[in-house]
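Every number here is computed from the coordinates shown, using simple stated rules; none is lab data. Source: prediction; values computed, not measured. Cβ: placed from backbone, ideal geometry, glycine included. Neighbour counts: every protein chain shown.
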Amino acid sequence: MALADGASTPMSETRRAGLARARLHNARWTLAAAALALLVVAAWPEAGWWLPVLAFIGVVAVALVAPRGSPATLPSQSPPALVRARADLERLTAIDLAAAVPDALVIFDRSGAVLHANEAAQAAFGELPEGLLLQMRFRVPEMQDLVARVLSGEAAPAIIEYAERVPVERAFRVAAMPLGRGAGVFAMVFRDQSESRRIDRMRADFIANASHELRTPLASISGFIETLRGPARDDEKARENFLQIMQNQTERMARLIDDLLSLSRLEMRTYVRPTTPVDLRAVLRQVIETMGHMARESGVEVKAKLGDAPVTVPGSRDELYQVFQNLLENACKYGASGGRVEIEIDDRSATDDREVNVSIRDFGPGIAEEHIPRITERFYRVDVETSRSQKGTGLGLAIVKHILTRHDARLTIRSRPGEGAVFTVHLHSTVGRPAGAQQ
């Protein structure tokens, strides 16, 4: 603290001295007039009272007409660092400033020819050599109109929405404006909106899908209620049948709401890494025991190769349990025709990889290649009717993906039609294996 105080003292004294000199400099004419008045009074003391009054009026008149200044407007009083910064600013060019802009920026002349494109523009649109006409690179009508408007001399920036679909779909908010006044140089800035548009579209799709999934059972329940109040009022057999269907539909809605809440909680904690040691063997054994009844009902035999030694990873035990429960449930439901499911741990933590892989393999009909990239999307189903008949919500694998993202892990899927599917969870292991691993 003493060092900081000692360092700041000379600077504050220098600043105070500079301000005092500046104030004296600003009041120099007033001080000169006052000194002259005092000299006049001292030279003629016998002049009486009127001479000091006249001298005072003269001082006021000089103060009113004398030039004024302030420390901020006096070049001689500007701090040296500020003077150097102003000099550096004057040496900067439009190209230097364009290089510092993170968005794609193109500078062009009165003819629409490119004078300079920063690195972000070159990365977004490929090579934009000097002299290339913007009208030739961006041929869509809205871009042609944008260039024409800014070249026509519009003072306000012209702004449009622009999209490119090759090689990938991207959306930009483009603004064009003149640089300087009458310099004949213009700038066009591309603000990438692709990610925000993707999020908006995903949110809209999610709301639409969730509404559809809830509306279907609600419509079914509403129809059965009307039937029970009308034609089936006195039909005991129909009443029991309808009540059972209504119970199944309400259970389906409850599962859907639970999955939606799970997704919401996971998204709120996406970047919070769980670090509690978890024994994967213990988790998998509990999952197999819990799902044993469902596997037997589906006619599936679960075979496990878990090894003998504990396999410890950092994570949340409950969330990892949910991951493997969802994967085993899917394998039993959709791979039941194969008659068996295999679960295996491949522990590579002893090598430099420090990775633990858990694979769950079924021998069912498999998954076509075009479905695999999208299978972890919310509400995406390979076969809608089969999924609903199996009481699926379409959110199980989306939950798996979110949990693994939170654990800095990943899911890979290998499948061919007719050959079953293999879902493999790749987890990072802890360095060493603590004796107190969570069971």
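What number, in percent, do you get for the relative contact order of the range 269-327 if the mean sequence gap of Cα pairs under 8 Å and at least 6 apart is divided by its residue count?
Here the relative contact order equals 57 percent.
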Taking 0.36 nm per intervening residue step and subtracting the Cα-Cα distance, what contour gain separates residue 215 from residue 413 on full extension?
68.1 nm
Cα→Cβ-extended label distance, 7 Å offset, between residue 236 and residue 346, nm:
6.0
Given a Förster radius of 56 Å and the C-beta distance between residue 382 and residue 99 as r, what FRET efficiency does 1/(1 + (r/R0)^6) yield to the nearest 0.05?
0.70
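For the range 105-163, which GluC sites (Glu not before Pro) are both in a DSSP coil and crowded by at most 13 other Cβ atoms within 10 Å?
127, 130, 154
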Counting only residues 5 or more places away or on other chains, whose amide H sits under 5 Å from the amide H of residue 133 once H atoms are built in the peptide plane?
114
Say each of residue 192 and residue 308 gets a label point 7 Å from the Cα, pointing the same way as Cα to Cβ; how far apart are those two points in nm?
5.3
Report the relative contact order of the range 228-346, percent, no decimals, based on alpha-carbon pairs under 8 angstrom and at least 6 residues apart.
28
Highest mean first, what order results for 188-200, 106-118, 224-236 on Cβ atoms within 10 Å?
106-118, 188-200, 224-236
Would you pull out the residues with amide H under 5 Å of residue 304's amide H, same chain only if 5 or more places away, H placed 1.01 Å from N?
343
Residues whose built amide H sits under 5 Å from the amide H of residue 185, excluding neighbours closer than 5 in sequence, are 179
Projected label distance in nm at residue 177 and residue 133, using a 7 Å step from Cα toward the beta-carbon:
2.8
³J(HN,Hα), Karplus 6.51/-1.76/1.60, whole Hz, each residue of the range 105-111, x for Gly, Pro
9, 10, 9, 9, 9, 4, 8
So what are the three principal axis dimensions of the range 196-268 from its Cα atoms, in whole Å, longest to shortest?
56, 21, 11
